[in-house]
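Asker: Structure provided below as structure tokens; questions to follow.
The values are calculated or read from the model by the stated rules, or taken from the named source; none is laboratory data. Not measured: the values here are computed from a predicted model. All Cβ positions, glycine included, derive from the backbone under ideal geometry; neighbour counts span all protein chains shown.
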Amino acid sequence: MALITRRGMLIGGAAGSGLLLAGCDKILQGDHLNGSASFQRVLAAAQGWTLSSQRFLLGGGALAREFKPSDISRHFKANGTSHPGGEDYARHLEEGFANWRLRVDGMVARPLSLSVDEIRRLPARTQITRHDCVEGWSAIGQWTGAPLGPILKAAGVAPGAKYAIFYCADNLEGEPAKGGQQSPGQYYESLALVDCFHPQTLIAYDMNGAPLGVPYGAPLRLRVERQLGYKHAKYVQRIRITDTLAGVSGGKGGYWEDRGYEWYAGI
Ligand SMILES: Nc1nc2c(c(=O)[nH]1)N[C@H]1C(S)=C(S)[C@@H](COP(=O)(O)O)O[C@H]1N2
Ligand SMILES: [Mo]
């Protein structure tokens, strides 16, 4: 929790945050063509992010190992769902995901709704990492995406919140769910907030320099590099901030957790 405390100080620090807020208001009033209010808020929040990331490292936080472009696996296995199916997803695919939204809600001061295009216009991070699946295979890939930290910072996580729950578009057992509503068999995952603010935790949209393919979670997936494969939710539509994992499907915090896997899957 030290990271949150440090971030709290950063956000709360009088001069810095005042400047950021002033800048943000000006953008909000001035130019609606440049994106939604959600987008402008995240853009403003992202401006202090490099500093937060550096403090994370100086504070002893560990990064997952990053590799060279020549290390990238020629074949990266697609695992679990490789196509969500269903009318909803088919329509999104046909529209080139122009109407896909990433919603951020729950215990936040300002719920957000971001288009894929807006997420692509946020400051990005690219990392080459090794993905480890519990089934016993690994592959190295390059991921580009928006760090999750500034997105949650812009939403304003409420005091007492503990987790982020990621709702996916695919259902492994029945009818595909619509618009981020949870139904039995639907894939979902969750992280402790501290892991959401890790510098390598991304809402990723590119893999090996090209837009994510359908098997790899198009249009948006989570990358959380210090954890096992099943935590890396694909086809993400909604992030809900909460203080409990109860009440969502089996209540264990994830599709595979409800079927016996460990919730904390650190590597
Ligand atoms: N929505 C969704 N996310 C998912 C899964 C899934 O079936 N559905 N499988 C998980 C598992 S077990 C792994 S190993 C990785 C596989 O990611 P990949 O298909 O890009 O290799 O996605 C994870 N995220
Ligand atoms: Mo996996």
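Asker: Of all residues in the range 234-267, count the ones that are among the small types (G, A, S), over 18 Å from the mean Cα position of the chain (by Cα) and surrounded by 18 or more Cβ atoms within 10 Å (Cβ to Cβ).
Answerer: Going residue by residue through the range 234-267, those that are among the small types (G, A, S) are 246-247, 249-251, 253-254, 260, 265-266.
Next, from what is left, pick out any that are over 18 Å from the mean Cα position of the chain (by Cα): 246-247, 249-251, 260.
Retained after the next criterion (residues that are surrounded by 18 or more Cβ atoms within 10 Å (Cβ to Cβ)): 249.
Residues in the range 234-267 being among the small types (G, A, S), over 18 Å from the mean Cα position of the chain (by Cα) and surrounded by 18 or more Cβ atoms within 10 Å (Cβ to Cβ): 1 in total.
Asker: Please verify whether A161 is in contact (Cβ under 8 Å) with a residue 24 or more places away in the chain and either under 25 Å from G185 (Cβ atoms) or of a type in the set (A, V, I, L, M, F, W, C) (or both), treating the condition exactly as stated. Write out each step before concluding.
Answerer: Working: in contact (Cβ under 8 Å) with a residue 24 or more places away in the chain: yes; either under 25 Å from G185 (Cβ atoms) or of a type in the set (A, V, I, L, M, F, W, C) (or both): yes.
For A161, the condition - in contact (Cβ under 8 Å) with a residue 24 or more places away in the chain and either under 25 Å from G185 (Cβ atoms) or of a type in the set (A, V, I, L, M, F, W, C) (or both) - is met.
Residues checked against (1) more than 14 Å from ligand 1 (Cβ to nearest atom); (2) crowded, with 19+ Cβ neighbours inside 10 Å; (3) over 25 Å from S38 (Cα atoms); (4) in contact (Cβ under 8 Å) with a residue 24 or more places away in the chain:
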| residue | (1), (2), (3), (4) |
| --- | --- |
| K77 | no, no, yes, yes |
| H83 | no, no, yes, yes |
| D105 | yes, no, no, yes |
| L114 | yes, yes, no, yes |
| R120 | yes, no, no, yes |
| P123 | yes, no, no, yes |
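Asker: Something else about it: Being away from ligand 1 (no atom under 16 Å from the Cβ), within 19 Å of the chain's Cα centre (by Cα) and not assigned by TED's automatic domain parsing to the domain that holds Y235: is that true of A64 here?
Answerer: On the way: away from ligand 1 (no atom under 16 Å from the Cβ): no; within 19 Å of the chain's Cα centre (by Cα): yes; not assigned by TED's automatic domain parsing to the domain that holds Y235: yes.
Here the answer is no, as A64 does not meet what is asked.
Asker: Going residue by residue through the range 218-232, is there one that turns out to be closer than 21 Å to G96 by Cα, within 8 Å of ligand 1 (Cβ to nearest atom), hydroxyl-bearing (S, T, Y) and in contact (Cβ under 8 Å) with a residue 24 or more places away in the chain?
Answerer: Taking every residue of the range 218-232 in turn, none turns out to be closer than 21 Å to G96 by Cα, within 8 Å of ligand 1 (Cβ to nearest atom), hydroxyl-bearing (S, T, Y) and in contact (Cβ under 8 Å) with a residue 24 or more places away in the chain.
Asker: If T81 satisfies every condition in (1) in contact with a helix residue (DSSP H, G or I) (Cβ under 9 Å, 6 or more places away or on another chain); (2) part of a loop (DSSP other than H, G, I, E, B); (3) more than 16 Å from ligand 2 (Cβ to nearest atom) but one, which is the exception?
Answerer: Tallying (1) in contact with a helix residue (DSSP H, G or I) (Cβ under 9 Å, 6 or more places away or on another chain); (2) part of a loop (DSSP other than H, G, I, E, B); (3) more than 16 Å from ligand 2 (Cβ to nearest atom), T81 fails exactly one: (3).
Asker: Now, a different point. Six or more apart or on different chains, Cβ atoms under 7 Å: show the pairs whose first residue is in the range 47-72 and farther than 10 Å from I128 by Cβ and whose second is of a type in the set (D, E, K, R) and not in a loop (DSSP other than H, G, I, E, B).
Answerer: S52/R7; R55/R6; G59/R6
Asker: Separate question: Looking only at residues that are more than 13 Å from ligand 2 (Cβ to nearest atom) and of a type in the set (V, I, T) in the range 231-267, which one is modelled with the lowest pLDDT?
Answerer: Step one: filter the range 231-267 for residues more than 13 Å from ligand 2 (Cβ to nearest atom), giving 235-253, 258, 260, 263-264, 266.
This time we only want the ones that are of a type in the set (V, I, T), so: 236, 239, 241-242, 244, 248.
Values: V236: 98, I239: 98, I241: 98, T242: 98, T244: 98, V248: 94.
Checked the range 231-267; the qualifying residue modelled with the lowest pLDDT is V248.
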